[in-house]
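Working notes, beginning with the structure itself.
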Ligand code: FEO
C-alpha cells in the first residue's frame, strides 16, 4: 500500500477496489480505483478522498508521507460518495483542515454529512496558494453532478479532473503508458457512455474552459492517470460530446422462441452486405452498460422485442429506459420483432426511438416465425431505408 509520486511532492494516495462489479447499475468487470492525491507543500493538501469502505487503504498511504493531522486543505471536487465518503473521518483526523469546494459542493456535503466543517467555497477562476503552488478551480456543473469541479495546478501543469476522463479499471499501474491503451480507451468510452453521455452540452463547456490550460498530466478520480495520451482522450471527449458517430450498427434484442433473434441476425447480415460494421447483442447475455459503450459511436441503432403481455420483454424495457435517460443523439433507428397476435411491442419500441429524437426507418414486424427468403428481402429493404434517412 505504497503511495505513488506522480509529480515531485504530489502523490496518488487512492484505493484499488478490485472486487467492484456494480457501480450504481454499471457493470464494472475490471473493478475500479478511487484516486485521491496528496500535495506536500507549505500547506498540505488532499485532493478528494475515497469510498468509505476503502478508508484504511487511503490512510495507510497518506501516513507513509505525512501525519494526517497536518493536512491543511481538503479539496472536494465532487460530492458523490465514492470521493467524499472518507471526508468525515479525514475531518476528524485533521480537525484544522479547511474543506475547499464549489457552492453546490458545500450544499451537497452538508446534505450528505450534516457537519459544520470549515468550508471555503470557491468559484471558477478562484485560486488558493499553498506555498510553491497554486490551486486554481474550474466549476464543471453537471459533469456529472451540480457540484462537480476540477482543480488545476499551473506550476505543475496538472489537472485533477475528478470523474472526467476516468475509467473503471482496478490496476496496480497508475499511468496510461503502463497499461494497454486500447483497454483504457474502451473503458473511458464505457465510462462516458454510462455516466457522462447525458451531459454532452456541459462537457463541451468544460472542454472550452480547459482549452487554454497547459496540461502535462490529467489525474482523474478513477482508473489510469493520463500523461502520454492526453490529446487522445481530449479528442475522444470532443467527439463524444458532439455525438459524432461512425458507420456502425448495434442491434439489440431479446427473444422468446428465437424468431426475434433470427430477425436480429438478418438485420446484421443486411448491414454487412453494405459493408457496415454491425454487432448483435442479446439482452440475455450482454449487460446494458456494455451495450451503451458500443452504442456511443454507432450511427445505427436497431432494437427488437417480441410482444409479451401486450408490451416489451422486461429486458428490452429496461434497456430502452436506460438508453433514453442517457440521451444519445443524431442516430438512425429501427424497431423490429416477431409477434403472435397483438404485436404492440414493435410499435412501442418505434415510439421510444422517436421519443429519443432518432430518425426511424419503417419497422420490421413479423408474425410468428419468419420465412427466411422473405426476411432477407425485408431486411435488405429496411437497411437501405435506414441508411438513407
Ligand atoms: Fe466517481 Fe460521480 O463519482
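Okay, here's what the table says:
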| quantity | calculated |
| --- | --- |
| Proxy reagent accessibility, fewest Cβ within 10 Å first, across 234, 349 | 234, 349 |
| Residue among 236, 93, 135 with the largest mean-square fluctuation in a Gaussian network model of the chain, springs linking Cα atoms under 10 Å | 93 |
| Alpha-carbon Debye profile of the chain, log10 I(q)/I(0) at 0.09, 0.14 Å⁻¹ | -0.58, -1.07 |
| Neighbour-count ranking [beta-carbon atoms within 10 angstrom, fewest first] of 259, 53 | 53, 259 |
| Tilt relative to the chain, helix 259-273 - C-alpha long axis, 0 to 90 degrees, to 10 | 80 |
| Normalised contact order of segment 4-241, rounded percent, pairs of Cα under 8 Å and 6 or more residues apart | 17 |
| Beta bridges by DSSP in segment 218-306, antiparallel share as percent, to the nearest 5 | 10 |
| Descending Cα extents along the principal axes, segment 249-388, whole Å | 35, 34, 26 |
| Order of 99, 150, 280, 66 under a 10 Å beta carbon neighbour criterion, fewest first | 66, 280, 99, 150 |
| Fluctuation leader among 371, 277, 72 - the chain, Gaussian network, Cα springs under 10 angstrom | 371 |
| Residue-averaged 222 nm ellipticity for the chain, from DSSP H runs of 4+ at -39500 (n - 2.57), nearest 500 | -10000 deg cm²/dmol |
| Relative contact order (%) - segment 254-389, alpha-carbon pairs under 8 angstrom, separation at least six | 28 |
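Computed from the coordinates by the stated procedures, all read-outs in this text should not be read as laboratory data. All values derive from a computational prediction rather than experimental measurement. Note that each Cβ is placed from the backbone with ideal geometry, even for glycine, and that neighbours are counted across all protein chains shown.
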